[in-house]
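So the structure is just underneath, and the comments pick up after that.
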Amino acid sequence: MLMQDQAPNFPWLIAPLGASAVLVFAVPASPLAQPWSVIGGNFISAVIGLSLGTWIGEPIIAASLSVGLAIAIMTFARCLHPPGGACALLCALGATGADGWTFLYLMPIMANVLTLSLVGWAFNNLTGHRWPHVIVPALPTSVDNGVRHTREDIEATLAGWDELLDVDVDDLDAFYHALNERASARQTRQ
């Protein structure tokens, strides 16, 4: 049991969560901003940073390995969240620093992450941006009527969705052209 003078001085504001907030509130449709990415990405990264920081003890090595391993595990767990890399870095440095962070430091990190997720859920849903984001699949068309899109069509459609997608208009245009070519080639083979 910790006495009052032995209690850790927890950092109740965690800097990487500022970057998480940008994703949750500014680009809520991004795969990087979904609840599992925010919660899982930050938690997994914090555990990795604290673990390697405690185990290795050398700040530069622990921090470097923590960020790399966090990226790999977030990718594998399908919760890639860029601020998670910063969370791994912060925790590795905290564990190797003068305060010697322990796993008790997960408490303020998770308090930040869960509060951000709850407020993000409420804000986005109240402002008409469903969060978690659900992609509504397009209805399949059985006939190719020869109509092709223009860049202006893409821009107008994006404006009508009232969502900021984490993809460039040029990338969407190139993807759609490639998709049309593939579909045309398939129809030619049939």
- Looks like segment 64-104, by Cα gyration tensor root eigenvalues a ≥ b ≥ c and the a/c under 1.5 rounded cutoff (else prolate when a/b is bigger than b/c, oblate otherwise), is prolate
- Task: Kindly state, to the nearest 0.05, the FRET efficiency for residue 126 paired with residue 163, given R0 = 25 Å and r defined as their beta-carbon distance.
- Result: 0.95
- Item | Relative contact order of the chain, pairs being alpha-carbon contacts under 8 Å that are 6 or more residues apart, as % | 26 percent
- Projected onto the charge dipole of the chain (unit charges on the beta-carbon of Lys, Arg, Asp and Glu, signs +1, +1, -1, -1), the Cα from 19, 102, 154 with the largest positive-side position is that of 102
- Using a Förster distance of 30 angstrom, determine the FRET efficiency expected from the C-beta separation of residue 134 and residue 111, and round it to 0.05. 0.65
- Message: Give me the one-decimal nm value for the distance between modelled label points at residue 173 and residue 12, 7 Å along each residue's Cα-to-Cβ direction.
- Response: 5.1 nm
- Message: Between 0 and 90 degrees, rounded to the nearest ten: what's the tilt of helix 35-56 against the longest Cα principal axis of the chain?
- Response: 40 degrees
- Separation between the residue 180 and residue 156 pseudo-spin-labels, each 7 Å from Cα along Cα→Cβ, expressed in nm? 1.5 nm
- Task: Mind grabbing the base-10 log of I(q)/I(0) for segment 44-125 at q = 0.14, 0.18, 0.19 Å⁻¹? Debye formula, identical points on the C-alpha positions, no solvent, two decimal places.
- Result: -0.45, -0.69, -0.75
- Message: Percent of Cα-Cα pairs more than 22 Å apart in segment 1-85, please.
- Response: 34 percent
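Mean 1/r over all different Cα pairs, inverted: what Kirkwood radius does the chain give, in Å?
19.2 Å
No lab work stands behind these numbers, since they all come straight from the coordinates. Since the structure is predicted, the reported quantities are computational estimates derived from the model, not experimental observations. Cβ coordinates were reconstructed from backbone atoms using ideal geometry, including for glycine residues, and neighbour counts include every protein chain displayed.
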